[in-house]
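Okay, so here's the structure we're looking at.
Please treat every number below as a calculation from the coordinates, not as lab data. Computed from a predicted structure; not experimentally measured. Reconstructed Cβ throughout: ideal geometry from the backbone, glycine too, with neighbour counts over all protein chains shown.
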Amino acid sequence: MERHVRLFLNKLSFASIAIATLTFIFLFLQTPQTCVPPNSPSKPHLKFPKSSCDSTPRELVSIDKKNKRLWSTNDWQKKLSSFIQFFHAIRDLGLLHNHTKVICVSAGAGHEVMALSRMGVLDVTGVELVDSPPLVSRADPHNLPFFDHVFDLAFTAHLAEALFPSRFVSEMERAVRPDGVCVIVVEECGDDEVRDIVGLFMKSQFVDSINVTLTGLKMTRILMKRNS
Ligand SMILES: *[C@@H]1O[C@H](CO)[C@@H](O)[C@H](O)[C@H]1NC(C)=O
């Protein structure tokens, strides 16, 4: 009797080992079905799949589509034409030509960049903390990645939101060439506030300030000319 049991147990363990071995071989031969497609870009951690098994890559192609959709909205078109009108006024002052090198600091989604390009300005750079390709590149307005004096004109409509306004302004001044121009647009304000803003400029002279309407908002435009 005891002998029978032992035999049975022996058979059982043999069968178990066989099954385990076969399972192991099977798993070994099986290609793991991971969720990362073999042609995924070099930085898969920068993509955010909807679920752990959503391996459809979020193609950059969709940026084109997204832009097309964004740029065709009423809101975009209205803001765009408002900026075009605004820059026409700058051109009428003789400060903006097709060959003027322009930098738009804190350019947001890039309305001003597109406006300038539409007008025929050939060399427009837009920067913002968050990029919006192809109009706006990523750069910190407090630390512009450009050499000194490489632009003829610097524009911003977002000085008011700057974390360090004086640093923001000094970077604009640094990037602009001697006799170049800084154009600042802020929420409509009085002489005292204009004086405060002008006071941030260490290397430029005040030219003028006027109230304008930009993208439907009442704003004040301040013109500064960089010292020669
Ligand atoms: C500037 O560019 C625009 C658009 O390309 C063109 O219509 C215009 O004639 C140009 N202006 C000058 C002065 O060349």
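General observations
- Across segment 94-107, the qualifying residues are those that are free of Cβ contacts under 8 Å to residues at least 60 places away in the same chain and farther than 19 Å from F146 by Cα, and the one among them that is farthest from the ligand (Cβ to nearest atom) is G94.
- Contact annotation: residue pairs with Cβ atoms under 6 Å, 6 or more positions apart or on different chains, pairing a residue in segment 115-138 that is free of Cβ contacts under 8 Å to residues at least 24 places away in the same chain with a partner that is away from the ligand (no atom under 16 Å from the Cβ) and assigned to a strand (DSSP E or B), are G126/C104; G126/V136; E128/V136; D131/S137; D131/R138; S137/V127.
- Test: residue in segment 79-90 that is closer than 20 Å to K225 by Cα, in contact with a Phe, Trp or Tyr (Cβ under 7 Å, 6 or more places away or on another chain), within 16 Å of the ligand (Cβ to nearest atom) and without any contact (Cβ under 8 Å) to a residue 60 or more places away in the chain: no
- Test for D148: is it over 14 Å from the mean Cα position of the chain (by Cα) and touching a residue at least 12 places away in the same chain (Cβ under 8 Å): yes
- The set of residues in segment 108-133 being within 13 Å of the ligand (Cβ to nearest atom), among the hydrophobic types (A, V, I, L, M, F, W, C) and out of contact with any helix residue (DSSP H, G or I) (no Cβ under 9 Å at 6 or more places or on another chain) consists of L122 alone.
- Taking residues in segment 166-187 that are touching a residue at least 12 places away in the same chain (Cβ under 8 Å) and within 12 Å of D148 (Cα to Cα), and partners anywhere that are surrounded by fewer than 17 Cβ atoms within 10 Å (Cβ to Cβ) and among the hydroxyl-bearing types (S, T, Y), the pairs with Cβ atoms closer than 7 Å and at least 6 places apart or on different chains are P178/S228.
- As a summary of the residue check, L214 satisfies the conditions (1) surrounded by 15 or more Cβ atoms within 10 Å (Cβ to Cβ); (2) touching a Ser or Thr at 6+ places or on another chain (Cβ under 7 Å); (3) over 20 Å from L96 (Cβ atoms) except for the one numbered (3).
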